[in-house]
Amino acid sequence: MPLSVSPSASPFSSPFSSLLPGIVARLRAVGCVFAEEEAALILSTASTPAELTAMVDRRVEGLPLEHVLGWAEFCGSRMAVDPGVFVPRRRTEFLVAQAAGLFRWEDRPTPVVVDLCCGSGALGAALAAAVGPLELHAADIDPAAVRCARRNVAAAGGQVYQGDLFAPLPAALRGRVGVLLANVPYVPTGEVGLLPQEAREHEALVALDGGGDGLDVLRRVTADAASWLAPGGHLLVETSERQAQDAVTTFTRGGLIPQVVTDDDLYATVVIGHAPGGRTSAGR
Ligand SMILES: C[S@@+](CC[C@H](N)C(=O)[O-])C[C@H]1O[C@@H](n2cnc3c(N)ncnc32)[C@H](O)[C@@H]1O
């Protein structure tokens, strides 16, 4: 997945900038389409020549750029991304923007946000950066993701738990969640093999495989979400355009009022489920 180049990634500010042409040539030789941009990012991230060489070697071996760098740009911030952990996708910024739009300045007390299937924790961290103080909780089944998420949500004072979907969350959150983010795995099992090699080989299968039709994890989330949401709270999930109608059905079965929103530029589809009752904003 190409990472957009942050304006601060100038190769000329690196003490190793003279190595740039050689790095570009090595990346080009293995087919990196954005060799100049990637070289600039690697140069701006490495702090020693040995680290620089190791990073270029890893990229040449096919590791995703974000795993080489140790970070991904998401919603304008650098999010830590450890090896094996799902790299937050640019299209998912649309889900965060939709969530941010649900908050009102008068939301008090501090809104409760849960980032389920949090991976690196980028969604909750980005939402907190966008809307201000939140009571942020995140959870993932993968211990590597949980370790990574703890670093990303620390600035927002968030808590990260390890376990299966809602199971590790504190029981006291039941009925209090204003916004529930859940970018669950949604690739149908039979299509995992068609994903780009970087995803197939370097992201955990549990982060990608959504079961037969891709909606197995989503169905489990929508079945339980209403009991965790505050009256008038919201569940937001990303899906593919093709899966959106079936996703809507699962929301309705779960007692949520569904709404589909899309962004053609980002090729993003998000389903928002509104819990009945309460106010319409993210707070209680
Ligand atoms: C598509 S990734 C999304 C990660 C992150 N939300 C993002 O958008 O960058 C899905 C995540 O769901 C987690 N996951 C899969 N099944 C889970 C389950 N049953 N309970 C909790 N987390 C799960 C995976 O470990 C992975 O981190």
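The values are calculated or read from the model by the stated rules, or taken from the named source; none is laboratory data. These numbers come from a predicted model, not from an experiment. Note that we place each Cβ from the backbone using ideal geometry, even for glycine, and neighbour counts take in every protein chain shown.
Being surrounded by fewer than 17 Cβ atoms within 10 Å (Cβ to Cβ) and among the polar types (S, T, N, Q) is the filter; apply it to the range 182-200 and report the residue that is nearest to Arg242 (Cα to Cα).
Here is the first cut: in the range 182-200, the ones surrounded by fewer than 17 Cβ atoms within 10 Å (Cβ to Cβ) are 189-198, 200.
Filter again for among the polar types (S, T, N, Q), leaving 189, 197.
Values: Thr189: 15, Gln197: 23 Å.
Only one residue tops the list, namely Thr189.
So, of the residues in the range 154-166 that are within 12 Å of the ligand (Cβ to nearest atom) and outside any strand (DSSP E or B), which turns out to be surrounded by the fewest Cβ atoms within 10 Å (Cβ to Cβ)?
Going through the range 154-166, the residues within 12 Å of the ligand (Cβ to nearest atom) turn out to be 160-166.
After this cut, where a residue has to be outside any strand (DSSP E or B) as well, the list is 163-166.
Working: Gly163: 12, Asp164: 10, Leu165: 19, Phe166: 22.
Among those residues, the one meeting the criterion is Asp164.
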Go through the range 167-181 and give me each residue that's buried (at least 22 other Cβ atoms within 10 Å of the Cβ) and either within 16 Å of the ligand (Cβ to nearest atom) or not assigned by TED's automatic domain parsing to the domain that holds Ala223 (or both). Val177, Val179, Leu180, Leu181
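Looking at the structure I just gave you, is Val85 within 13 Å of the ligand (Cβ to nearest atom), over 27 Å from Pro231 (Cα atoms) and crowded, with 22+ Cβ neighbours inside 10 Å? If you could, list the steps in order and put the result at the bottom.
Working: within 13 Å of the ligand (Cβ to nearest atom): yes; over 27 Å from Pro231 (Cα atoms): yes; crowded, with 22+ Cβ neighbours inside 10 Å: yes.
Yes.
Between Pro143, Pro111, which is in the same structural domain as Trp228 (by TED's automatic domain parsing) and free of Cβ contacts under 8 Å to residues at least 24 places away in the same chain? Show your work before the answer.
Numbers: Pro111 fails: free of Cβ contacts under 8 Å to residues at least 24 places away in the same chain.
Pro143 is the lone residue from the list that is in the same structural domain as Trp228 (by TED's automatic domain parsing) and free of Cβ contacts under 8 Å to residues at least 24 places away in the same chain.
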Output for Cβ contacts, cut-off 7 Å, separation at least six or different chains, first residue closer than 12 Å to Cys117 by Cβ in the range 202-213, second charged (D, E, K, R) and more than 8 Å from the ligand (Cβ to nearest atom), reads Gly210/Asp216
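At pLDDT 95 or above and over 23 Å from Met79 (Cβ atoms): is that true of Pro185 in this structure? Can you show your working first?
Working: at pLDDT 95 or above: yes; over 23 Å from Met79 (Cβ atoms): no.
Spelling it out, it is not the case that Pro185 is at pLDDT 95 or above and over 23 Å from Met79 (Cβ atoms).
Residues in the range 125-140 that are among the aliphatic types (A, V, I, L, M) and surrounded by fewer than 19 Cβ atoms within 10 Å (Cβ to Cβ): how many? Walk me through how you get there before you give the answer.
Our first condition is that a residue be among the aliphatic types (A, V, I, L, M); within the range 125-140, this holds for 125-131, 134, 136, 138-139.
Within this subset, residues satisfying the condition of being surrounded by fewer than 19 Cβ atoms within 10 Å (Cβ to Cβ) are 129-130.
Summing the residues that are among the aliphatic types (A, V, I, L, M) and surrounded by fewer than 19 Cβ atoms within 10 Å (Cβ to Cβ) in the range 125-140 gives 2.
Return the residues of the range 163-210 that are basic (Lys, Arg) and touching a strand residue (DSSP E or B) at 6+ places or on another chain (Cβ under 6 Å); say none if nothing qualifies.
Once the filter is applied, which keeps residues that are basic (Lys, Arg) and touching a strand residue (DSSP E or B) at 6+ places or on another chain (Cβ under 6 Å), the range 163-210 yields only Arg176.
Would you point out the residue of the range 203-224, among those that are aliphatic (A, V, I, L, M) and not in a helix (DSSP H, G or I), that is nearest to Leu173 (Cα to Cα)? Step through it out loud before you land on a result.
Step one: filter the range 203-224 for residues aliphatic (A, V, I, L, M), giving 204-208, 215, 217-218, 221, 223.
Next cut, not in a helix (DSSP H, G or I) only: 204, 208, 215.
Working: Ala204: 28, Leu208: 27, Leu215: 25 Å.
Residue satisfying both the conditions and the ranking: Leu215.
Based on this model, can you work out whether Arg91 counts as within 21 Å of Glu203 (Cα to Cα) and either free of Cβ contacts under 8 Å to residues at least 60 places away in the same chain or within 11 Å of the ligand (Cβ to nearest atom) (or both)?
yes
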